[in-house]
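*Asks:* Sharing a structure here in C-alpha cells format.
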Amino acid sequence: MNTKRKRIVVLFGGASSEYEVSLQSAYAVMTHIDEEKYQILPIGIAKNGTWYLYRGEFTDIPEDKWLDESRCVPVVVSPDKRLHGLLLLKENGVEEISLDGALPILHGKNGEDGTVQGVFELAGIPLIGCNTMSSAICMDKETAHRLAKECGVKVPASYIVKEAEKQNIAQIETYGDMLGYPLFVKPLRAGSSFGITKVTGKEELQAAVEHAFAYDTHVILEEMIEGFEVGCAVLGVDELTVGAVDEIELSEGFFDYTEKYTLKSSKIHVPARIAQEKAKEIKDAAVRIYRGLGCSYFARVDMFLTPEGEIYFNEVNTIPGFTAHSRFPNMMKEAGISFEEIIARLLEGIKNI
C-alpha cells in the first residue's frame, strides 16, 4: 500500500428519500478518484440511519446490493479531534482509523442539511463540500431566499405554514389568495422535488399542504415565477470556477423527481439558449449567492429566467447529482472541465490536518 495516499471517506446512501440517487452519484465519484493518490473508504448509511464501512465491490453500490454483513463493519465517527477519524466496531474490539478528509455524496435530509457536516467538523475531519452552516442555510428554503435577496437577487413571494398551523385552512387559503394561482407548495427542507405540488386552484391547496407535511414539519407556499429554470455550477473555495449555464425545457408540469431522473417530457440544454450577456448575468448572480450563503468546494445554484429577462433565485443544491450525466458535471464539461478534473480539484483542496 502507498502510505503517502490520503485516506478519504466517501459517504453514500442515507436516511433520506433520496437514498437511491445518492448510490448512483457516489458510485460515479468513487470510480473517478485517482486511487494512486487517495485511499477510498466507502461509508454506506442504511435507510434506518446505521453507518457501515463497506468493503465490497463498488459495482454493487448503485444496484443497492452493498448492505451485506460479510462486507460491512459498523462504524461511527470519533468525536475525539486527536484521532480525526473513525471507530470500527468489530466483534473483537474497536479499531481506530484516522482520516484526511470526508466527502459526503448524500442528497436531501440527513445528508445535505448540515447534520452530517456537523459530525465531521466536530471530529476535526476536513470536510470536502459546504460546511455545516452553509448546508443548513441552503436546505432551508425561507432562510436561503432571505439571504439571496440580501445578495441583490430577486426571490419569489412566499409564506410559511408550521405543523401546528396546518389545520387552519382559512389562513392557508388566505396565503394562497395573496400569492395567486398557480403556486407551489413545498416542504421547507427537502430535495429532488419530493413533496412538491403545483397548485392551480384553491380546491387543490389542502391536499398539497398535507402531502408536503409528509416530508417536513414546515411547509412553504411559493409564488410561481413565469419563465424557465436555469442552473449554474460553481466549483471552488477562494478562487471560483463557474460552469456553463444550463436550461430546463419543460413540455408540461414542472421539473419534479420523475422528470429530473427520466426526462420523459423535458430537455436540458447546455449551454442555455440565451444571449451571452444574460448568461453572464446569471453567472454573476450565482457567484453572489454562492458567496453570500457561505458555499464552498461545489454547489449548483438554480434560478428562474422570466420572459422579461428578470432573474429569480430558486435554490442552492449543496450536493447536486453527481453522475457523469448529471447537470453539475455537464455544465462543467461545457466549460472544459472533465468529470475526473472536478473530482481531482475537490480532493486537491483538502486542508492538511
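The values are calculated or read from the model by the stated rules, or taken from the named source; none is laboratory data. Computed from a prediction, not measured in an experiment: that's the story for all the values here. Here Cβ is always computed from backbone atoms with ideal geometry, including for glycine, and neighbour counts include all displayed protein chains. For accessibility, only protein heavy atoms count, side chains too; no ligands or nucleic acids. Shrake-Rupley method; radii C 1.70, N 1.55, O 1.52, S 1.80 Å.
*Asks:* Check every one of the helices (runs of 4 or more DSSP H) wholly within segment 106-196 and list those with 2 or more residues that are closer than 19 Å to Val301 by Cα, of a type outside the set (A, V, I, L, M, F, W, C) and open to solvent by less than 50 Å² (accessible area, probe 1.4 Å).
*Replies:* On the way: elements: 115-122, 132-139, 141-150, 169-179.
Per the criteria, 132-139, 141-150.
*Asks:* Any residue in segment 81-96 that is closer than 17 Å to Ile125 by Cβ sitting within a Cβ distance under 9 Å of a residue that is outside any loop (DSSP other than H, G, I, E, B) and open to solvent by 80 Å² or more (accessible area, probe 1.4 Å)? List the pairs, counting only those 6 or more apart or interchain.
*Replies:* Hits for this filter: Lys81/Leu122; Leu83/Glu96; Gly85/Glu96; Leu86/Glu96; Leu87/Val94; Leu87/Glu96; Leu88/Val94; Leu88/Glu96.
*Asks:* Let me ask something else about it. For the subset of segment 286-306 comprising residues that are closer than 16 Å to Arg345 by Cβ and of a type in the set (Phe, Trp, Tyr), which member is most open to solvent (accessible area, probe 1.4 Å)? Talk me through it step by step, then tell me what you get.
*Replies:* Step one: of segment 286-306, the residues closer than 16 Å to Arg345 by Cβ are 290, 295-300.
This time we only want the ones that are of a type in the set (Phe, Trp, Tyr), so: 290, 297-298.
Numbers: Tyr290: 1, Tyr297: 23, Phe298: 2 Å².
Going through the qualifying residues, I end up with Tyr297.
*Asks:* Taking segment 316-333, which residues are outside any loop (DSSP other than H, G, I, E, B) and open to solvent by 40 Å² or more (accessible area, probe 1.4 Å)? Give the steps one after another, and end with the answer.
*Replies:* Keep residues of segment 316-333 that are outside any loop (DSSP other than H, G, I, E, B), which gives 316-317, 327-333.
Of everything in segment 316-333, those that are outside any loop (DSSP other than H, G, I, E, B) and open to solvent by 40 Å² or more (accessible area, probe 1.4 Å) turn out to be Asn330, Lys333.
*Asks:* Looking only at segment 138-165, filter to residues that are of a type in the set (Val, Ile, Thr) and under 27 Å from Gln206 (Cα atoms); which one of those is farthest from the chain's Cα centre (by Cα)?
*Replies:* Residues of segment 138-165 that are of a type in the set (Val, Ile, Thr), as a first pass: 143, 153, 155, 160-161.
Checking which are under 27 Å from Gln206 (Cα atoms) leaves us with 143, 155, 160-161.
Values: Thr143: 16, Val155: 20, Ile160: 22, Val161: 23 Å.
Here the residue is Val161.
*Asks:* While we're looking at this one, here's another question. Please specify each residue of segment 162-180 satisfying the condition of being free of Cβ contacts under 8 Å to residues at least 24 places away in the same chain and over 21 Å from Asp140 (Cβ atoms). Break it down stepwise before answering.
*Replies:* Within segment 162-180, the subset free of Cβ contacts under 8 Å to residues at least 24 places away in the same chain is 164-165, 167-168, 170-171, 174, 178.
If the condition is that a residue be free of Cβ contacts under 8 Å to residues at least 24 places away in the same chain and over 21 Å from Asp140 (Cβ atoms), then Gln167, Asn168, Ala170, Gln171, Thr174, Met178 are the ones that fit.
*Asks:* Which pairs turn up if I take residues in segment 28-44 that are assigned to a helix (DSSP H, G or I) and look for partners that are open to solvent by 10 Å² or more (accessible area, probe 1.4 Å) and among the β-branched types (Val, Ile, Thr) with beta carbon separation below 7 Å, at least 6 apart in sequence or on another chain?
*Replies:* Hits for this filter: Ala28/Thr323; Met30/Ile40.
*Asks:* Now for a different question. Between a first residue in segment 202-230 that is surrounded by fewer than 16 Cβ atoms within 10 Å (Cβ to Cβ) and a second residue that is hydroxyl-bearing (Ser, Thr, Tyr), which pairs have beta carbons less than 6 Å apart while being 6 or more apart in sequence or on different chains?
*Replies:* Glu226/Thr306
*Asks:* So, one more: Name every residue in segment 1-51 that is of a type in the set (Ser, Thr, Tyr) and within 15 Å of Pro62 (Cβ to Cβ), in order of residue number.
*Replies:* From segment 1-51, those of a type in the set (Ser, Thr, Tyr) are 3, 16-17, 19, 22, 25, 27, 31, 38, 50; that's our starting set.
Tyr19, Ser22, Ser25, Tyr27, Thr31, listed by residue number.
*Asks:* Criterion first (open to solvent by less than 80 Å² (accessible area, probe 1.4 Å), in a loop (DSSP other than H, G, I, E, B), in contact (Cβ under 8 Å) with a residue 60 or more places away in the chain and more than 14 Å from Val9 (Cα to Cα)) does Gly56 satisfy it?
*Replies:* Details: open to solvent by less than 80 Å² (accessible area, probe 1.4 Å): yes; in a loop (DSSP other than H, G, I, E, B): yes; in contact (Cβ under 8 Å) with a residue 60 or more places away in the chain: no; more than 14 Å from Val9 (Cα to Cα): yes.
It is false that Gly56 is open to solvent by less than 80 Å² (accessible area, probe 1.4 Å), in a loop (DSSP other than H, G, I, E, B), in contact (Cβ under 8 Å) with a residue 60 or more places away in the chain and more than 14 Å from Val9 (Cα to Cα).
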